[in-house]
Structure formats: structure tokens, C-alpha cells
1. Hey, Thr171 hits all of (1) out of contact with any Gly (no Cβ under 9 Å at 6 or more places or on another chain); (2) closer than 19 Å to Arg82 by Cα but one; which does it fall short on?
2. Counting only residues that are charged (D, E, K, R), give me the strands (runs of 3 or more DSSP E) lying completely in segment 85-186 with at least 2 of them.
3. Just one of (1) touching a strand residue (DSSP E or B) at 6+ places or on another chain (Cβ under 6 Å); (2) assigned to a loop (DSSP other than H, G, I, E, B); (3) touching a residue at least 40 places away in the same chain (Cβ under 8 Å) trips up Arg50, so point out which.
4. Go through Ser116, Ser128, Ser134 for me and flag whichever is touching a Leu at 6+ places or on another chain (Cβ under 6 Å) and not acidic (Asp, Glu).
5. Give segment 34-79 a look and list any residue that's crowded, with 18+ Cβ neighbours inside 10 Å and either more than 19 Å from Trp174 (Cβ to Cβ) or touching a Ser or Thr at 6+ places or on another chain (Cβ under 7 Å) (or both), or say none.
6. Of (1) over 24 Å from the mean Cα position of the chain (by Cα); (2) at pLDDT below 95, Thr90 satisfies all except one. Which?
7. Tally time: how many residues in segment 95-116 are surrounded by fewer than 15 Cβ atoms within 10 Å (Cβ to Cβ) and closer than 17 Å to Thr65 by Cβ?
8. Across segment 151-172, what is the total count of residues that are surrounded by 14 or more Cβ atoms within 10 Å (Cβ to Cβ) and touching a residue at least 60 places away in the same chain (Cβ under 8 Å)?
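The values are calculated or read from the model by the stated rules, or taken from the named source; none is laboratory data. Just so you know, these numbers come straight off a predicted model, no measurement behind them. Ideal geometry is used to build each Cβ from the backbone, glycine not excepted, and the neighbour counts take in all protein chains shown.
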Amino acid sequence: MVLLGCAGGETAPSLTDPGVELPAEDGGTDLPPPPPPAPPDDAGPPAVLRIDEVGQASVDGFAGTLVVTEILDDRLDAPWCRVEYALQGTPRTADCDCIAWDVTFALVALDTWAESDEVPASLDHCASPDLPASGAVRAWAWSAGELLYDAAGLDIWEPWYAVDEQDGVLTFTWATELGFDPPEVP
């Protein structure tokens with residue numbers, strides 16, 4: 001038989017020793033109850049970013065413009081980002097009931113929140129996903145009131161913009177609002 005023990009001068013108090021508090025009869029102790037749980041953090045995002053994309057182009061040759069504007073918390077006087085492109089299409093064949101073009105994007109103007117004398121404006125300062133660089137070419141097509149986009153180049157045409165056509169001019173728009181945690185403004 002092996003006995004294990006601790007060497008030392010003091011021993012732990014026993015529940016039968018005088019001065020040791022026993023639990024209350026209901027099984028609880030004299031300790032205060034724990035605080036109630038904190039409510040869930042549902043305050044939402046710190047800001048709202050509205051993204052508007054508006055463009056016009058002629059059906060014949062698809063020459064036109066696209067303007068992307070990002071507005072933070074309805075501050076219309078100081079857009080978070082504003083990008084303007086000139087668009088020029090060249091006809092292409094497509095496996096769809098549509099008129100298709102390879103559209104070249106030429107950056108005309110760019111204003112961003114981060115622009116300063118030391119920091120030039122950059123598309124990286126914009127929050128809009130997938131903004132084309134100047135000179136980028138995208139496959140677009142027009143069919144049944146929609147502008148379609150073949151992102152992968154596989155003749156898989158996805159709806160991209162709603163289109164209003166009047167007298168050979170296509171007007172296309174898209175808008176959304178996103179919860180946004182903006183970086184610190186320099």
C-alpha cells in the first residue's frame with residue numbers, strides 16, 4: 001500500500017472547521033448572482049456606402065460612357081470615389097440572341113477620398129468590386145432589355161445591367177447599398 005501526501009506545516013481547512021461558511025440550504029452560496037448576459041452586438045455597420053453605376057452607349061458601335069459613384073453616408077458633396085470611363089465597343093460574335101461587343105474601358109476621370117498632393121488617386125481607393133483598369137476589355141452584349149457580361153470568355157452571358165433603349169441609345173444603371181467600415185481618412 002502506498003500513501004501520498006504533502007509535506008508542509010499548514011493543511012487546507014475542512015468544511016467542519018470553525019469559521020468556514022457552508023453553502024446555503026438551497027445549494028447556493030452567499031455570492032451575488034452573475035450579471036445578465038450582454039445583448040448581442042447588432043448595432044450594424046459603422047457606415048453605409050451607396051454605389052451607383054450609370055452609363056450610356058449607342059447601339060451602333062457601342063460608344064459611350066460609364067460613371068461609377070460611391071457615396072458614404074449620403075454625403076453627396078464629397079463622394080468616396082467617382083470613376084468615369086469612356087467606352088468603345090467593337091462588334092463580336094456571340095452564341096446568344098443578342099448584339100455583342102468587346103468593350104474597351106478608358107479611364108477619363110478618377111476622384112477618391114484618399115487623393116491628396118502626396119497620394120495620387122487610385123482605383124484601389126474605391127470600394128466597388130471589379131472596377132476595370134484603363135484599357136481593360138470586357139465582352140458585353142445587349143438582349144431583351146439587359147446588358148449581358150461574359151466574364152469568363154466562355155459565351156456564358158450573365159445579366160449585368162438593366163437597360164432602357166431609346167432611339168438607338170442604351171441607358172444602363174445599377175445601384176446598391178452596403179454596410180461599410182471605412183478606413184481612416186488621411
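1. (1)
2. Counting at least 2 such residues, we get 99-112, 158-166.
3. (2) is the only condition that Arg50 fails.
4. The match here is Ser134.
5. Ile51, Glu53, Gly55, Gly64, Val68, Glu70, Pro79, listed by residue number.
6. (2)
7. Total satisfying the criteria: 3.
8. We begin by selecting, within segment 151-172, every residue surrounded by 14 or more Cβ atoms within 10 Å (Cβ to Cβ); these are 157, 160-161, 163, 170-172.
Cutting the leftovers down to touching a residue at least 60 places away in the same chain (Cβ under 8 Å) gives us 157, 161, 170-172.
Residues meeting the conditions: 5.
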